[in-house]
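Presented below is the structure to which this report refers.
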Amino acid sequence: MKLQITITEEEEKLLAQRASLLGYDVTKYAKFLLTTEARKSHLLLNRKLEKIIEKALRDDSEGKTHEWVFGKYENKSH
């Protein structure tokens, strides 16, 4: 995939300063930032999903859930 963006001169200077600390050019640093953010978001979503699953299993073991049978219940709104 090719991604093209336009940034201001000020943004480029800021990115170049940060990139130089890592020994990167602006393009490599921008890629690094995008990848880091994507990984962080992925981990957060996985943690949220794990918590949802843990709560569902806990609720089930505590008898707080009800069995639902697909097709058994009619839609009464029609």
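FYI, it's all coordinate maths here, none of it is from the lab. These numbers come from a predicted model, not from an experiment. Every residue, glycine among them, receives a Cβ derived from its backbone with ideal geometry; neighbour counts consider all protein chains shown.
Between the helical axis of 26-61 and the longest alpha-carbon principal axis of the chain there is an angle of about 20 degrees. Using R0 = 22 Å, the C-beta based FRET efficiency linking E67 and L43 works out to 0.10. Relative to the first principal axis of the alpha-carbon coordinates of the chain, what is the inclination of helix 9-22, with its axis defined by its Cα atoms, in degrees from 0 to 90 and to the nearest 10? With rounding to tens, the tilt is 90 degrees. Taking the alpha carbon gyration tensor of the range 10-61, multiplying each eigenvalue by 5 and rooting it gives semi-axes of 40, 8, 7 Å, largest first.
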